[in-house]
1. Could you list, in sequence order, all residues of segment 116-128 that are among the acidic types (D, E) and loosely packed, with under 14 Cβ neighbours inside 10 Å?
2. Tally the residues that are of a type in the set (S, T, Y) and open to solvent by 80 Å² or more (accessible area, probe 1.4 Å), restricting the search to segment 38-67.
3. Can you name the residue in segment 283-304 that is closer than 15 Å to K176 by Cβ and buried (at least 17 other Cβ atoms within 10 Å of the Cβ) and is also modelled with the highest pLDDT among such residues?
4. Those residues that are over 25 Å from L5 (Cα atoms) and either of a type in the set (S, T, N, Q) or touching a His at 6+ places or on another chain (Cβ under 7 Å) (or both), I need them from segment 53-108; list them, please.
5. Inspect segment 141-157 for any residue being among the acidic types (D, E) and free of Cβ contacts under 8 Å to residues at least 12 places away in the same chain and give the result as yes or no.
6. Return the residue satisfying two criteria in turn: it lies in segment 69-79 and is surrounded by fewer than 16 Cβ atoms within 10 Å (Cβ to Cβ) and without any contact (Cβ under 8 Å) to a residue 60 or more places away in the chain, and of such residues it is nearest to N158 (Cα to Cα).
7. Which is of a type in the set (D, E), closer than 23 Å to P247 by Cα and open to solvent by 40 Å² or more (accessible area, probe 1.4 Å), of D87, D144?
8. Within segment 148-156, is there a residue that is within 30 Å of M1 (Cα to Cα) and within 19 Å of the chain's Cα centre (by Cα)?
Amino acid sequence: MSRDLLHVQVILDRLGFPPGPLDGRDGASLASALKGFQLSRGLPVTGKPDTRTLQALHQYRSIRPTRTLRLTADALSGPFVRPWPKDVAAQAKLKSMGYRTALEKLAEMFHTTPEVLIELNSPDTRLAPGVPVEFPNAIPGSRDYPADLKPEWRKTLNDLNVDANQPKANRVVVDKSDKVLRVFGQDGKLAAQFNVTVGSTRDPLPIGSWKVNGVATNPEFHYNPKLFWDVSDKKPDALLPPGPNSPVGVVWIDLSKEHYGIHGTPEPHTIGRTESHGCIRLTNWDAARVALMVAPGTPVIFQE
């Protein structure tokens, strides 16, 4: 892990150009995030932390790469699902598709992975109230979420350290070739960009112009085997409870294209690296952020 690269990632995350999990490592996800930032600032689009890009990021250097915080009982609270049932019928009987462990919850809170938290600290770190732990600095500038949001959604946003101040989208563009979702603000300029997983050979991204129908927060998930080519149609339907480990994560942004949406994932480390069943998949914290940017009627364009 490079703390210099982690510093770049943390600043990009704060500015709306997150690389996915904050891990202090170079690679395609960071390159994509840098390209988005460079494009938004009129810089040469190199995908590298070059001199001009670092100069543009320098003004945000007070946003440090990590923060050491003492664990709280609330941050460590469950209930946790152990053992995790693999069978869909068993999952449907759960009260919540919750986190498996406190470490998994803490990792999502700070936009990273359990492995990175162990690397920043120690495999022997006790997860107990009062214990100091070093985290990537994914602390939001504001938690003043709109008062009309459901209390449980406000808690989810708070738990995922999603900043309350987000640009309002004039339109959303999902780029298949770059595997990114771009949000353009009311001024028409690029305001944010997120790495995404977009479809597959069997379930390709439906190229065209659509719109947001609505946003379902902490949604239940109707598991319909007939919609999945890799699942036998003889399998029964199931209604899975809400939770961060739901197949659609913490939010479903419904689109005018039937059966398609923008949503979260229980596996943030796979974003941009695996295929989906046609939908647009982001990390839970990024999907929650996009949900604050869009509204019913927001245009969504899928392009090659």
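The values are calculated or read from the model by the stated rules, or taken from the named source; none is laboratory data. Worth saying up front: this structure is predicted, and the values here are computed from it rather than measured. Please note: Cβ atoms are built from the backbone with ideal geometry, for glycine as well, and neighbour counts cover all protein chains shown. Calculation scope for accessible area: heavy atoms of the full protein, side chains included, ligands and nucleic acids excluded. Shrake-Rupley method; radii C 1.70, N 1.55, O 1.52, S 1.80 Å.
1. D124
2. Looking only at that region, the number is 2.
3. Ranking the candidates gives V300 first.
4. T72, S77, Q91, S96, T101
5. yes
6. Taking the candidates together, the pick is D74.
7. D87
8. Yes; the residues of segment 148-156 include at least one that is within 30 Å of M1 (Cα to Cα) and within 19 Å of the chain's Cα centre (by Cα).
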